[in-house]
Amino acid sequence: MADVKQYEKKAEKLKALAHPIRLCIVKGLINDKCNVTKIQECLNIPQSTVSQHLSKLKAAGIIAGERNGIEVCYRVVDREAIEIIKILEGF
């Protein structure tokens, strides 16, 4: 029988992705890194909401932010998350 411990990290990643807004953010960041303002404008939701979702994705190690002056540009750094998004696009 498989060791449950090996699936804990994968389950946490899936939990972080298991929200429509976060899925949309990750899908958008796969093709183009961008800042909070651009994400907010694309999704038409409050900046505070975007920031909360970005924080969860960053804590899960799915995205990373790169500071450029006063703005932070985010990009996807997790290969498994990219594969999950590609699989979901097939549905």
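The values are calculated or read from the model by the stated rules, or taken from the named source; none is laboratory data. Remember, it's a predicted structure, so these values are computed and weren't measured experimentally. In this analysis, Cβ positions are derived from the backbone assuming ideal geometry, glycine residues included, and neighbour counts consider all displayed protein chains. With ligands, DNA and RNA removed, areas are computed over all heavy atoms of the protein, side chains included. Shrake-Rupley method; radii C 1.70, N 1.55, O 1.52, S 1.80 Å.
Values as computed for the structure displayed
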| quantity | calculated |
| --- | --- |
| Subset of region 56-83 [farther than 25 Å from LEU14 by Cβ and exposed (fewer than 13 other Cβ atoms within 10 Å of the Cβ)] | GLU66, ARG67, ASN68, GLY69, ILE70 |
| Residues satisfying the stated conditions in region 61-78, i.e. assigned to a loop (DSSP other than H, G, I, E, B) and at pLDDT below 95 | GLY69, ILE70 |
| Candidate set from region 9-55 (those that are assigned to a helix (DSSP H, G or I), within 22 Å of LEU88 (Cβ to Cβ) and of a type in the set (D, E, K, R)); member that is most open to solvent (accessible area, probe 1.4 Å) | LYS9 |
